[in-house]
Amino acid sequence: MFLNRSIVLMVAAVLAPGALAQDYPRTSDGKPDFQGVWSSAWLTPLERPPQATSLILSPSEAEALFQTLWAERDARDPLGPLESIDVRSLVIVDGRARSSLIVDPADGKLPLTAAARARRGPPPLPGLDGPEQRPPPERCNVTSNAVAPLFVLPAGNMRQIVQTPDHFMALAETYGIARVIPLKDGVPAPAASGRGRWEGDTLVIETSGFAETDRIRVAPYANFPISPRSKIVERFQRTSRDEILYSFTVEDSALYTAPWTAEMSLLRSDEKIYEWACHEGNYAMSNMLRGARLEEQRAAAKDKRK
């Protein structure tokens, strides 16, 4: 299925280069209209994997890399193959499959400093003494899908965009979080949500002011550190009726030896955004705490027998 889709997209790009450049709707004020539901269900990692030698892949190279990455995902799941995830392809930009989201530096690797490598290590495990020690995601209190940059998750990779002359809103299906970005000066902006501006037909969103506790962006096959000094610049460019070229550049001299840039496509979808009722019927926290108390009781009983 992946290979056939790649071939169709590549043939379209070759036969009509640039023909679709202006084949998309515009708003009443003449700006590219990004409104609608968009999917970004890609398996491509942020950094280039060792088995890939170039950014652009041939159809056979793309199929081989996809199968390798898919098998690795299955191998990590203790319950068996991940049949429910909606990631079904490598990222395709301009009709060609890519081996990494990073396009600059040319080697597809994060230009990490020593401080960034230390921050990127595994965080300390949270405690189990009480619910206060458990991390926010276990309460479905998550912001990672509503802040810069857009990332690909195992499921729910749908976003609905609503656009006005004053605001740009992206509603993520996962956790049902809306990111509202003002497009004009003087309009208040939530902390670290970003502020947008137009550069020709490209929507540019610049985000900074991250909290000290916001230390790393994490998604499958993609994680990178940030800090209060970080600046993330996103760019949305409508390349056709069915595709948005999305890119983001990260700058932070304490964490990276140079700014770096990643790209991916958002594809128009006819699907609907559904409710993400994360906390409904969620027994994870109570079960973990109950299990911890049981382990403590067993340890105490073992000590008493000694």
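Read the figures in this text as sums done on the coordinates, not as results from a lab. Because the structure is a prediction, the values reported are computed rather than measured. Positions of Cβ are backbone-derived with ideal geometry, glycine not excepted, and every protein chain shown enters the neighbour counts.
Couple of notes before you dig in:
- Semi-axis lengths (Å, descending) of the ellipsoid that matches the C-alpha gyration tensor of the range 150-306: 39, 21, 15
- On the beta carbon distance between residue 212 and residue 287, with R0 = 30 Å, the FRET formula returns roughly 0.45.
- Between residue 106 and residue 67, residue separation times 0.36 nm minus the direct Cα-Cα distance comes to 11.6 nm.
- Signed unit charges on C-beta, dipole axis of the range 165-306, positive-most listed residue 289, 178, 250: 289
- In order through the range 50-65: 3J(HN,Hα) via Karplus (6.51 cos²θ - 1.76 cosθ + 1.60), integer Hz, x for Gly, Pro: x, 7, 9, 9, 8, 5, 8, 10, 6, x, 5, 5, 5, 5, 5, 5
- Within-15-Å neighbourhood charge of residue 178 [Cβ basis; K, R +1; D, E -1]: 0
- Calculated FRET efficiency for the pair residue 169/residue 294, C-beta based, R₀ 45 Å, to 0.05: 0.50
- By the Kirkwood approach, averaging reciprocal distances over each pair of separate Cα atoms, the range 167-232 gets a hydrodynamic radius of 13.3 Å.
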